[in-house]
Each structure stands twice: as structure tokens, then as C-alpha cells.
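To keep things clear, I will list the structure first and then write my remarks on it.
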């Protein structure tokens, strides 16, 4: 029977791995690592070798593998139902996690749209922003301002607002245009007049907040056509761990508000305590209009994405024919994953 075959042999014949050179993977001289199990911060492969899961399985696992509280919550939910449509239907795990997400993120009152993953969460945020203005007398607001070096996922909309040539360069002809402001990072910043030191460049920078001026100029270019500015708060991870100067987002947020646009923060990488505060935008004292979350919303197993929305924006979707939120990820609102998220330690 096929299930009794060697997993590596099956993998090499049938599996296709992302960001993995397939020629190298199939080279007989190369030995792929096949993971068998995980416990805490340790992964164990099929030969019994242990590895430190140094990036938490790409930022998805907050509390370690096989955390008894999470696996217990998921197992209990699986005994009831693993998945049902969330279109016109509800369930307890979804209600509970949505409420806890909104409260922890400062969107109370507010709502959470439960999507599939981080990329999908960003797609949903873009569509909500676009639809919000289209339904409320400002259909010209269709342009998005982004930060240089930004990474928001690998679906077409998320790639369009990203600025990562390494990940998205091959697909540039598929993407819609956006206006980009240079990334705000004090290390090697062209505006930083300080001589390099062996210290955090943010601590000795000499500048006049030209990075904020750069963002202002980008917003001026799009003007009354601006739907939203999108930013990764505090740290741009895929850009090379670029640390923004403290207070950058706090200075940019009022500029966005002055233009009448929405502020979308991507907390997929920075949220859930990874930068100290529960959310990086909270540490900046910024209340965005829309926020994308993912890895961490369910604590690890299985992954979910989510968008929290501010009350002012969401009111405009209420009590109007055709004013419902239209994005429809197939696996959104999966009870098993959401029950795990609601059962994790910490603010949720």
C-alpha cells in the first residue's frame, strides 16, 4: 500500500515545496530533513535527530509544539465538529476568539474577520478598505501607499503592496501599481548623518525625521485617491530585520488620517508579544483602522489569519443592502483552530 512506502521517496515523486530549489531537493546527494514530531521548541526528524525550531516554524508557533493546553482544546473541539461554513453561520469558538482578539487589539467595540493565513488577512484588509470607500461616496480612493522593502504575503494583492524583489520580482507584471515610501531604518539610512558605531543605529542617529517626510510625500502623490497606507510596525522582517526609529509609526499615522485614508498595519510578524508589547502598534500608541494578524491567532495548530477592524469603518458596512464584506476564504472560521487560539495562554 502507498501509505507504507518511504515518506521521502513519496515526497520526491509527488510533493512540491515552496521556496525550495527542486533540483537540489531531488539530488540523490542531498538528504532532505523529514520532520516526524515536535515538542516545545524542538523538532525531531524521521531519523531521530533533534533541531531547534529557531523561527517557530515561520512565526506560527507561539507556545511550543504539542502544548497540552492547545492540543487539548483542539482535540475537544474535533470531538464536536472540525469545520463548518462561516458564511451566514456562527459557532462558539469563532465568537470567543473574535471577541478576545478585538479586546486585546484595542478594537472594542470592533470586529474580527477570521481568514485563512497572513497573506489572506492582508487581501481581506485591502478589499475592506477599497469597498469601504466605494460604498461611501469616495470611489476614487483606490490607491495604496506602502513602505519600501515591505513583505505582506505571496498572493497577488499581498505581493502588489509588497516591495520584495527576491520574493515577488518574477511576478511583477501580474501586480497592480502602488506608491512606495522608502523604508524607515536608521542603519544605512541615507538621511542618517551619524558616523557608524558598534551600537543600535537608532540610539545615535542624527537626522530630522526625513523618513516621515518621505511618507508624507508618498501620501501627497496619491492625495484624495489614497485608500490606505500599509505598514509593518516597528520591524520589517523579510526586508532584513529593519528596525524603524522609535516613534516612526506614531508620526506617520496622523498624516494618514489627514488625507482621509485608512491605516492598515500588518502585525503578522510583529504581533502577539514578539516585540515586547502584545502588538507593535500598541507600543507606538497607534490605533490603526485595520490590522492583519495570523500566526499566533490560534497559538499554532492549525494556522489561522484574522483582521480586526475599527468601529468607525465597520459602521459603514451595517444595515445597507450589498454592504456585507465580500471576501470569502474557504476555510475561514474553522472551529478547531479557533478553539485552540481561544485556549492559549496570555492575553487571548
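Before moving on, here are some points about what is shown:
- Residues of the stretch 119-153 classified as in contact with a helix residue (DSSP H, G or I) (Cβ under 6 Å, 6 or more places away or on another chain) and buried (at least 17 other Cβ atoms within 10 Å of the Cβ), total: 10
- Among the residues of the stretch 256-274, those that are part of a helix (DSSP H, G or I) and either in contact with a strand residue (DSSP E or B) (Cβ under 7 Å, 6 or more places away or on another chain) or buried (at least 24 other Cβ atoms within 10 Å of the Cβ) (or both) comprise 256, 259.
- Restricting the stretch 98-116 to residues that are outside any strand (DSSP E or B) and under 15 Å from residue 294 (Cβ atoms), the residue that is nearest to the chain's Cα centre (by Cα) is 116.
- Checked against (1) farther than 20 Å from residue 180 by Cβ; (2) assigned to a helix (DSSP H, G or I); (3) touching a helix residue (DSSP H, G or I) at 6+ places or on another chain (Cβ under 7 Å), residue 277 passes all but condition (2).
- Among the residues of the stretch 95-109, those that are over 16 Å from residue 265 (Cα atoms) and surrounded by 21 or more Cβ atoms within 10 Å (Cβ to Cβ) comprise 97, 98.
- Checked against (1) touching a strand residue (DSSP E or B) at 6+ places or on another chain (Cβ under 7 Å); (2) assigned to a helix (DSSP H, G or I); (3) over 13 Å from residue 145 (Cβ atoms); (4) free of Cβ contacts under 8 Å to residues at least 40 places away in the same chain, residue 253 passes all but condition (3).
- Among the candidates 184, 158, 165, 199, residue that is within 17 Å of residue 236 (Cα to Cα) and surrounded by fewer than 19 Cβ atoms within 10 Å (Cβ to Cβ): 165
- Listing of helices (runs of 4 or more DSSP H) fully contained in the stretch 1-94 that carry 2 or more residues being at negative phi and surrounded by 10 or more Cβ atoms within 10 Å (Cβ to Cβ): 7-14, 22-26, 68-78
- So residue 239, is it out of contact with any helix residue (DSSP H, G or I) (no Cβ under 7 Å at 6 or more places or on another chain), touching a residue at least 12 places away in the same chain (Cβ under 8 Å) and assigned to a loop (DSSP other than H, G, I, E, B): yes
Only the coordinates and a few stated rules stand behind these numbers; no lab work does. Model, not experiment: these values are computed from the prediction. As a convention, Cβ positions derive from the backbone with ideal geometry for all residues, glycine included, and neighbour counts pool all protein chains shown.
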